[in-house]
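The values are calculated or read from the model by the stated rules, or taken from the named source; none is laboratory data. None of these values were measured; they are calculated from a predicted model. FYI the Cβ positions are ideal-geometry reconstructions off the backbone, even for glycines, and counts take in every protein chain you see. Quick note on the areas: whole protein, heavy atoms, side chains included, nothing else; ligands and nucleic acids left out. Shrake-Rupley method; radii C 1.70, N 1.55, O 1.52, S 1.80 Å.
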Amino acid sequence: MSLISASARATAEYALQSGVSWYRIDNPFMFPGDSDNKLKTSDSAWSTDVRGALFLPLPTERSNLQLTASVSQMHYGSTFGNYTDLNGNGPYSLNQTKKQFQGMYTWEFSDLLRGRIRHRTDDRLYNYFGGEITPSTTTPPRGISNVEPEFPHIREDEVEVAYRVTNRFDVPLTWTQQTLSYTVPGRVEMYNMNSNAIQAAIRYTAGTKSTLSAGVRRNRVGFPNRTAQDVADFDSGYTDTEFFTDAAWRYTENTVFVAHLGSIARHFNTLPNRDSRLVSGELGVDWHYSTKTTFYGRIWDRPQANEEADSRLYVITRGVQGRAVWQATPKTRVSLLASLESQKSQNFATAQISTPTSGDDQVLRLGFRYDYDITRRLALRVDAIREQTTSKSGGNIDYRRSTVQVSLNYTFDNITGPFNFDNQQGYNRARQQIEDLR
């Protein structure tokens, strides 16, 4: 009866958002600067967007269900909506439905035991690099020109259970499963991937809400579609074993320092001569400079993320990123982002892969976002992104692309949220879930 009473007092929060977006896209296939290919050009596109979210206490605020989904139908202009490659194959089109979904159930039925279950899927246009290449029958990914439409599918499932030993200490155990699926046969063969990770840690929470944790993570990564020759050249998979520490130190109410340090032992399935020991490290700060301005900073040294598996799969990245968010007025926000990253291949000769990359690249990214809430429900957003990759080996070759997006969205939600430092727009939790997904 007490659970029924608590559930009756809890309020479900939901938000529904519809909109339209206009894009100006330059060099989506990331051709080098000196290329004269007809597809190294700009084009316009537009999309219709629908998003929805639900925050449902089950049965109370301590145990809740969060569902968030987004669907955007892209419509490119004639250049990328109907094109062929150098060999006349096609016609191809980059028109696609971009889909995202995330569902998470967070539970805490007692003071001793809590956890969460999360499911995520993501379908979007492939992150092309290098422009059009002549299809190769010997070097993977085989038989592709690198301008064929590609829409990889990401699926991730996660389960975490944490036992609270004391008010300060808890022991979280996490299992994560991830799959990455491509559509073009050459990439299916080489880069379709699945991984299974289990992590155990012990975490300490101080009275200031600072946390310190340490543990071990074991991740098995496999490429199920690789041929015998692929396995001989690149292996069928590897296992990472990482011992790590994580810290979040709340120096003041407005300043938080974060850190991650890990030592990774990477063991390949069939090519033990390529076994290696890697470092995974990150330092960062979140600084609320004033009620209107927040700065975020990160520096890192780590292996490439699994969900970006492509010709740069076995890559070590070192980078620095800075982001500033200015809440100019309760209705207007401006965000600036800049990052500089180096990417170096680990153990594998890039000549074995047909996609052009030097194995020693420098990536510069610049971003600008402007948000204006015309009314509480009607909002305008302008997003601009510029990316430049410089291939450092064999001469400095530049690859550049940029995108400008202008969106107009209307959102209906059932209740308003609290107006505070982190939520000056009064979004309820469901609408915040939509913004996080975008």
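Computed over the range 126-207, relative contact order equals 27 percent, with contacts defined as Cα pairs under 8 Å that lie 6+ residues apart.
So which of K99/K392; K38/K392; K40/K98 end up more than 28 Å apart by C-alpha?
Long pairs (Cα-Cα over 28 Å): K99/K392.
May I ask you to derive the relative contact order of the chain, considering only C-alpha pairs under 8 Å and at least 6 residues apart, and to give it as an integer percent?
Once normalised by length, the contact order is 13 percent.
Using the Cβ-Cβ distance between K209 and T138 with R0 set to 45 Å, the FRET efficiency from 1/(1 + (r/R0)^6) comes to roughly 0.20. Solvent exposure of the chain, expressed per residue, is 48 Å² of accessible area, with all protein chains present and a 1.4 angstrom probe.
Each residue of the range 55-70 is assigned a 3J(HN,Hα), and the resulting list reads 10, 10, x, 9, x, 10, 4, 6, 10, 9, 10, 10, 10, 9, 9, 9 Hz, derived from the Karplus form 6.51 cos²θ - 1.76 cosθ + 1.60 (θ = phi - 60°), x at Gly and Pro. Grab the beta carbon distance between L65 and L364, set R0 = 35 Å, and tell me the FRET efficiency rounded to 0.05. Result of the calculation: an efficiency of 0.30. Kirkwood radius and radius of gyration were both taken over the C-alpha atoms of the range 276-345, and their ratio Rg/Rh is 1.13.
Cross-link partners for K292 among the lysines, with Cα-Cα distance under 17 Å and sequence neighbours closer than 8 places in the same chain left out: K331. Neighbours of V320, meaning other residues whose beta-carbon lies under 14 angstrom from its beta-carbon, give a summed charge of +2 when Lys and Arg score +1 and Asp and Glu score -1.
Modelled this way, with points 7 Å down the Cα-to-C-beta line, the labels at R168 and S290 are 3.9 nm from one another.
Multiplying the residue separation of R277 and Q388 by 0.36 nm and removing their Cα-Cα distance gives an extension gain of 37.0 nm. Derived value for the chain: Kirkwood hydrodynamic radius 24.1 Å. Basis is the mean of 1/r over every pair of different alpha-carbon atoms.
Where only DSSP H runs of four or more residues are counted, the chain gives -2000 deg cm²/dmol as its mean residue ellipticity at 222 nm, each run worth -39500 (n - 2.57).
Which residue, chosen from T137, L67, G81, occupies the Cα position most advanced towards the positive end of the dipole of the range 29-171, where the dipole is computed from +1 (Lys, Arg) and -1 (Asp, Glu) charges on Cβ about the Cα centre? Positive-end residue among those listed: L67. From the alpha carbon centroid of the range 125-169 to that of the range 71-107 is 16 Å. Measuring with a 1.4 angstrom probe and ignoring ligands and nucleic acids, S345 comes out at about 40 Å² accessible. Taking the 1.4 Å solvent-accessible surface of the chain as the whole, the part contributed by carbon and sulfur is 58%.
The calculated FRET efficiency for R218 paired with T329, based on their beta-carbon distance and R0 = 56 Å, is about 0.70. Would you mind estimating how fast the range 53-203 diffuses translationally, via Stokes-Einstein at 10 °C and 1.306 mPa s with the Kirkwood radius over Cα pairs, in µm²/s? For these conditions, the coefficient is 85 µm²/s. The local environment of Q96, defined by Cβ-Cβ distances under 14 Å, has a net charge of -2 under the rule Lys, Arg +1 and Asp, Glu -1.
Start at zero, step by 5 Å, and the Cα-Cα distances of the range 1-121 spread as 2, 9, 13, 13, 11, 10, 8, 8, 7, 6, 5, 4, 2, 1, 0 percent across the bins.
Placing a label point 7 Å from the Cα of T270 along the Cα-to-Cβ direction, the residues of the range 199-223 whose backbone N falls under 12 Å of that point are 223.
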